[in-house]
Amino acid sequence: MNELPQQLANGLILGAMYGLIAIGYTMVYGIIQLINFAHGEIFMIGGFGALTVYLGLPSGLSLLAAIPLMIAGGVICSVAVSVAAERFAYRPLRSAPRLAPLITAIGLSLALQQAIWMWYPDATKDRSFPQFKGEAIDIFGANIQRGDLFVLIAAPLCMLALGLFVSKTRAGRGMQATSQDPDTAKLMGINTDRIIVMAFAIGAAFAAVAAVAYGLKNGQIGFRMGFIMGLKAFTAAVLGGIGNIYGAMLGGVVLGVAEALATGYMSDVPGMELFGGGAWKDVWAFVLLILVLLIRPQGLLGERVADRA
Amino acid sequence: MTALLEVEDLRVAYGKIEAVKGISFTVEAGQVVTLIGTNGAGKTTTLRTLSGLLKPAGGRVLFEGKPLTGIPAHKIVSLGIAHSPEGRHIFPRLTIAENLLLGAYLRKDKAGIEKDVQRAYDLFPILGERRKQAAGTLSGGEQQMLAMGRALMSQPKLLMLDEPSMGLSPIMMQKIMETIVELKASGTTILLVEQNAQAALSLADQGHVMEVGKVVLSGTGADLLHDESVRKAYLGED
């Protein structure tokens, strides 16, 4: 078996998940310049929401039939928590100095982790998540597990829907206007508070979809899963150009592929034998982030359109 | 007859600093009323308060006889007040067409919106030629046209223009002023804030001179244009 297609596929699967989560960072940042560090936990809660639904379903139901219901359950939980966080934690700090909501976000992140740890049954250790049974499928020489197909289908569909929403609908235009100039958006009659809630909700829904993908891939979820996935997704958002939704997806894919290739091939590079393998994969993600910040701080798709006064 | 807009003893403060210290004026339907004065006189603050972006510290604002106080900015538009802000504030990464559509954000009549977009292109042909272009790529004068066109898209009863001539070339300034005359002729009620007192007063029905948060002189445009103190202070004559 040729190894390159396999590594690319692994990277793509991982990257699609990063990208879905990164949308939430980038949309919220694009509108209120807040890095919502609790977003990783919103992702985690989506996973637990989906698992809860699964456990409540009759045992005869096939996993394929359960998936839509699990997504719905995850999305409802993530969106509810995210919208509540916006309303009660971030909105009162809207005009406070930037640092205040940032610290709030970090605190909220810890609180949500601990809440799941304490109150979700048996969540002090990882809980097992349902997985698709059956042989891996061969696509272009890569072995793809059945569960991984989910994110490869879901991520492009989500992006397509978001792209259409933002560019073609009135609310989407209102969202773009709010991110470019909130005061002037109000003068157009746009209820910017509602737009901000919408950004949090869309980001949370995408994170919940990513959480289902994560569960299907790994066969387990845990209260800590949002931490490293959140950091990686944040990296993806910065890599793609924070504030840009297409950048978030591209950043996710680039990050996932880079991580997979570094994991697979770094040990073949003379002098780098020590740095190959899975143990170093997180390091490469952040090395990439540092390189981007040094070389192209606005990110891959970040741009500065001339705003003439 | 009640005026379209009545401002009574309006006061606005940034923290402890009062920027507008109790001003009163009215705008009758069909009139062009101008507020002139130097930087920091409180003209922009007044407009931003009328459109709901700032909260007044005191006084009363009546629009069509109803109080505006406490109504959020995004609802004031729906009452019929459009505000073209100082510095134009077009949405730079959206196209010209999208900017215009945002001006009609609260309207539901698709056909009417399309007609008004066309009207904006008729008023400013350059906007029609570049409708698919990002608004940030326009020149300052073209951005001003877009800001005015966008404000008109809400079919306002009162159009507030803040410094439409700021930073423009003389030719562009003249074009903008001509447009204001055209709008006035078509019956649009306009509250115009300008530093270019000469231009503003020569087309205004009523003018108010503001100095450090107060109205120090009021009169018809023609009266103020011939007033000695105005000529000295704002028209550069000694």
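The values are calculated or read from the model by the stated rules, or taken from the named source; none is laboratory data. This one's a predicted model, so the numbers in the text were calculated from it and none came from an experiment. Methodologically, a virtual Cβ is constructed for each residue, glycine included, from the backbone with ideal geometry; neighbour enumeration extends over all protein chains shown.
Name, by its number, the condition in (1) within 24 Å of residue A:182 (Cβ to Cβ); (2) modelled with pLDDT of 95 or more; (3) out of contact with any Phe, Trp or Tyr (no Cβ under 9 Å at 6 or more places or on another chain) that does not hold for residue B:153.
Going through (1) within 24 Å of residue A:182 (Cβ to Cβ); (2) modelled with pLDDT of 95 or more; (3) out of contact with any Phe, Trp or Tyr (no Cβ under 9 Å at 6 or more places or on another chain) one by one, residue B:153 breaks only (3).
Matching residues to (1) closer than 20 Å to residue B:38 by Cα; (2) within 14 Å of chain A (Cβ to nearest Cβ); (3) in contact with a helix residue (DSSP H, G or I) (Cβ under 8 Å, 6 or more places away or on another chain):
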residue: B:128; (1), (2), (3): no, no, yes
residue: B:133; (1), (2), (3): no, yes, yes
residue: B:136; (1), (2), (3): no, yes, no
residue: B:153; (1), (2), (3): no, yes, yes
residue: B:184; (1), (2), (3): no, no, yes
residue: B:204; (1), (2), (3): yes, no, yes
residue: B:208; (1), (2), (3): yes, no, no
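Kindly provide the set of residues from segment A:259-276 that are out of contact with any helix residue (DSSP H, G or I) (no Cβ under 6 Å at 6 or more places or on another chain) and either closer than 20 Å to residue A:13 by Cα or in contact (Cβ under 8 Å) with a residue 12 or more places away in the chain (or both), ordered by number.
A:265, the sole residue that qualifies.
Between A:183, A:148, which is charged (D, E, K, R) and within 21 Å of the chain's Cα centre (by Cα)?
A:148
Any residue in segment A:43-59 that's outside any helix (DSSP H, G or I): show its pairings with residues that are surrounded by fewer than 24 Cβ atoms within 10 Å (Cβ to Cβ) at Cβ separation under 9 Å, as long as the two are six or more apart or on different chains.
If the second residue must be surrounded by fewer than 24 Cβ atoms within 10 Å (Cβ to Cβ), the pairs left are A:57/A:65; A:57/A:66; A:57/A:69.
Every residue, every condition in (1) in a helix (DSSP H, G or I); (2) surrounded by fewer than 12 Cβ atoms within 10 Å (Cβ to Cβ), yes or no:
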site: A:113; (1), (2): yes, no
site: A:117; (1), (2): yes, no
site: A:131; (1), (2): no, no
site: A:160; (1), (2): yes, yes
site: A:166; (1), (2): yes, no
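For residue B:144, indicate whether it is closer than 26 Å to residue B:31 by Cα, outside any helix (DSSP H, G or I) and either at pLDDT below 95 or more than 10 Å from chain A (Cβ to nearest Cβ) (or both).
For residue B:144, the condition - closer than 26 Å to residue B:31 by Cα, outside any helix (DSSP H, G or I) and either at pLDDT below 95 or more than 10 Å from chain A (Cβ to nearest Cβ) (or both) - is not met.
If I go through segment A:180-192 residue by residue, how many of them are at the interface with another protein chain (Cβ under 9 Å from one of its Cβ atoms) and not in a loop (DSSP other than H, G, I, E, B)?
Residues that pass the stated criteria total 7.
Pull up segment B:173-210, narrow it to residues that are among the acidic types (Asp, Glu) and surrounded by 15 or more Cβ atoms within 10 Å (Cβ to Cβ), then point me to the one that is modelled with the highest pLDDT.
Per the stated criteria, the residue is B:205.
So, residue B:34, is that one of a type in the set (S, T, N, Q), in contact with a Gly (Cβ under 6 Å, 6 or more places away or on another chain) and surrounded by 23 or more Cβ atoms within 10 Å (Cβ to Cβ) or not?
Against the criterion (of a type in the set (S, T, N, Q), in contact with a Gly (Cβ under 6 Å, 6 or more places away or on another chain) and surrounded by 23 or more Cβ atoms within 10 Å (Cβ to Cβ)), residue B:34 qualifies.
For the condition surrounded by fewer than 19 Cβ atoms within 10 Å (Cβ to Cβ), within 21 Å of the chain's Cα centre (by Cα) and not aromatic (Phe, Trp, Tyr), what is the one hit in B:106, B:127, B:138, B:101?
Of the residues listed, the single one that is surrounded by fewer than 19 Cβ atoms within 10 Å (Cβ to Cβ), within 21 Å of the chain's Cα centre (by Cα) and not aromatic (Phe, Trp, Tyr) is B:106.
Looking at the structure I just gave you, is residue B:177 touching a helix residue (DSSP H, G or I) at 6+ places or on another chain (Cβ under 7 Å) and under 24 Å from residue B:41 (Cα atoms)?
Taking the combined requirement at face value, the residue satisfies it.
Exactly one of (1) farther than 30 Å from residue B:90 by Cβ; (2) surrounded by 15 or more Cβ atoms within 10 Å (Cβ to Cβ); (3) more than 20 Å from the chain's Cα centre (by Cα) is unmet by residue A:140. Its number?
Condition (2) is where residue A:140 drops out.
How do the strands (runs of 3 or more DSSP E) wholly within segment B:32-126 filter down when requiring 2 or more residues that are away from every other protein chain (no Cβ under 11 Å): which remain?
B:32-36, B:58-63
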